[in-house]
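Take a look at the structure set out below.
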Amino acid sequence: MKTIQIIDAKNHVGEVVKIGAWVANKRSSGKIAFLQLRDGTAYFQGVVVKNEVSEELFHTAKNLTQETSVIITGEIREDSRSKFGYEIGVSGIEVVGESHDYPITPKEHGTDFLMDHRHLWLRSSKQHAIMMIRNEIIRATYEFFNNNGFVKVDPPILTGSAPEGTTELFHTEYFDQEAYLSQSGQLYMEAAAMAFNKVFSFGPTFRAEKSKTRRHLIEFWMIEPEMAYTHQEESLEVQEAYVAYLVQNVLEHCEYALDVLGRDKELLKKYTQLPFPRISYDDAVQLLKDNGFEDIEWGDDFGSPHETFIANSFEKPVFILNYPKAIKPFYMKPHPTREDIVICADMIAPEGYGEIIGGSERATDYEFLLEQIQKHGLDENEYSWYLDLRKYGSVPHSGFGLGLERTVTWLSGIDHVRESIPFPRLLNRIYP
Ligand code: 4AD
Ligand code: MG
């Protein structure tokens, strides 16, 4: 007899198989028991009919408790009433591990309780659906960059550089030196682009941000492509193609998960249409002022109400171009005719999900960059390797970083970034 996974049930209709599963839920009457089974690949129903099985088996079925692990034997059948489409007619149950007083019951629980039980909460169907979408975004990311001639390069996690400013660093000891946990692999990816042309990284990044918002994590994963001989406009084309590819693949491969989450698929389809709109920072400020925002002046960074208003003015993700130099990191390319702005772009997701990509063209001039490093109060000795890239064959280059969890949150249509990563690190939470 074959052992299968629930997700493959469609290929075994009419066969008697074994499945290793857990009991997610159960309903029973005197004559029939319905077991809601999950095995990590999917959820479906096991049906135990009293007068088709032994008395002992029916008794076992009726007394199964939530999250008991079981090896089920039975015949796979079509089940037109369920969304999944298949069920198993149970003829055998072997209890593997008992489970008593499982804390997460089908009733409503508060967020703190669920976060304290994250190691168990992950088993629920909503969390399962979100993680399947996360997994698809990761899969499609590798596929997109591999198909487009990018080489995967892994920047270090322990580092002495602070590309995104020195206020949000996690300090750590590195024998007798000081080191930080990486905020961004970008500077190393620039070195890699000079060696391998088009590169991308995918790894964890850390920000000691004291912000408690629904968009901020302390530890998050970032995809950071970097491209030699590439100006901003070409980089924007890669960014929109990449994001549209993610949406397309989630639509194609995660239909069931999107349905579990109640996500509007027609809306998502719109986000696969290229190009995405572009608006300059200057025009975005004007747009806000024209619409009654009195708390914004040229030179300010956008807060989430501003981003949401700008996003709602378009039907697709939107690029905001060329921010004031004073609110952006030291490495961005200066604008050729204006001293007050830099060549950069943020991509803002629709529906109020905020910034999902930050990117820019990079400064190529040695003297300019040295001056910026000094002005930002950084130690030039620690950046001499980075300055070398401008000494030995400097070329125009651009890159960007996409936040994985923000993207998962958006495509899943959930309220808070904490549910987009298996074990979120948040302000005041490092457990479990
Ligand atoms: O805009 P950021 O800070 O850009 C960089 O780090 C650049 N060095 C990237 C590059 O050009 N290679 O971060 C990039 C993205 C943001 O757009 C956002 O999606 C995500 O990373 N992000 C966060 N996600 C969750 N929690 C946080 N605290 C985040 N901070 C940034
Ligand atoms: Mg940013």
Can you tell me how many residues within the range 191-214 are out of contact with any Leu (no Cβ under 6 Å at 6 or more places or on another chain) and surrounded by 19 or more Cβ atoms within 10 Å (Cβ to Cβ)? 9
Restricting to the range 122-145, give me the number of residues that are in contact with a strand residue (DSSP E or B) (Cβ under 8 Å, 6 or more places away or on another chain) and part of a helix (DSSP H, G or I). 6
Which one is surrounded by the most Cβ atoms within 10 Å (Cβ to Cβ), of the residues in the range 15-54 that are part of a loop (DSSP other than H, G, I, E, B) and either touching a strand residue (DSSP E or B) at 6+ places or on another chain (Cβ under 7 Å) or not small (Gly, Ala, Ser) (or both)? VAL53
Selection within the range 319-350 - within 13 Å of ligand 2 (Cβ to nearest atom), under 12 Å from PHE276 (Cβ atoms) and in a loop (DSSP other than H, G, I, E, B): none
Please determine whether any residue of the range 291-308 is surrounded by fewer than 16 Cβ atoms within 10 Å (Cβ to Cβ), closer than 19 Å to GLY399 by Cβ and at pLDDT 95 or above. no
I need a count of the residues in the range 333-347 that are touching a residue at least 24 places away in the same chain (Cβ under 8 Å), more than 9 Å from ligand 1 (Cβ to nearest atom) and surrounded by 19 or more Cβ atoms within 10 Å (Cβ to Cβ). 4
Taking the range 385-402 as the region of interest, how many residues are under 15 Å from the mean Cα position of the chain (by Cα) and without any contact (Cβ under 8 Å) to a residue 24 or more places away in the chain? 0
So, in the range 168-205, of the ones that are of a type outside the set (S, T, N, Q) and in a loop (DSSP other than H, G, I, E, B), which residue ends up nearest to VAL153 (Cα to Cα)? GLY185
Sole residue being under 25 Å from LYS333 (Cα atoms), in contact (Cβ under 8 Å) with a residue 12 or more places away in the chain, assigned to a loop (DSSP other than H, G, I, E, B) and within 16 Å of ligand 1 (Cβ to nearest atom), chosen from ALA208, ALA162: ALA162
Restricting attention to the range 267-274, does a residue exist that is surrounded by fewer than 21 Cβ atoms within 10 Å (Cβ to Cβ), within 20 Å of MET347 (Cβ to Cβ) and polar (S, T, N, Q)? yes
Name, by its number, the condition in (1) modelled with pLDDT of 95 or more; (2) within 15 Å of ligand 1 (Cβ to nearest atom) that does not hold for GLU371. (2)
Please pick out the residue among GLU405, GLU382, GLU361 that is among the acidic types (Asp, Glu), in a loop (DSSP other than H, G, I, E, B) and either within 14 Å of ligand 2 (Cβ to nearest atom) or in contact (Cβ under 8 Å) with a residue 12 or more places away in the chain (or both). GLU382
Within the range 161-204, residues of a type in the set (Gly, Ala, Ser), away from ligand 2 (no atom under 16 Å from the Cβ) and in contact with a strand residue (DSSP E or B) (Cβ under 6 Å, 6 or more places away or on another chain) come out as ALA179, ALA192, ALA193, SER201
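The values are calculated or read from the model by the stated rules, or taken from the named source; none is laboratory data. All values reported here derive from a predicted model rather than from experimental measurement. Heads up, the Cβs are rebuilt from the backbone with ideal geometry, glycines too, and the neighbour counts pull from every protein chain shown.
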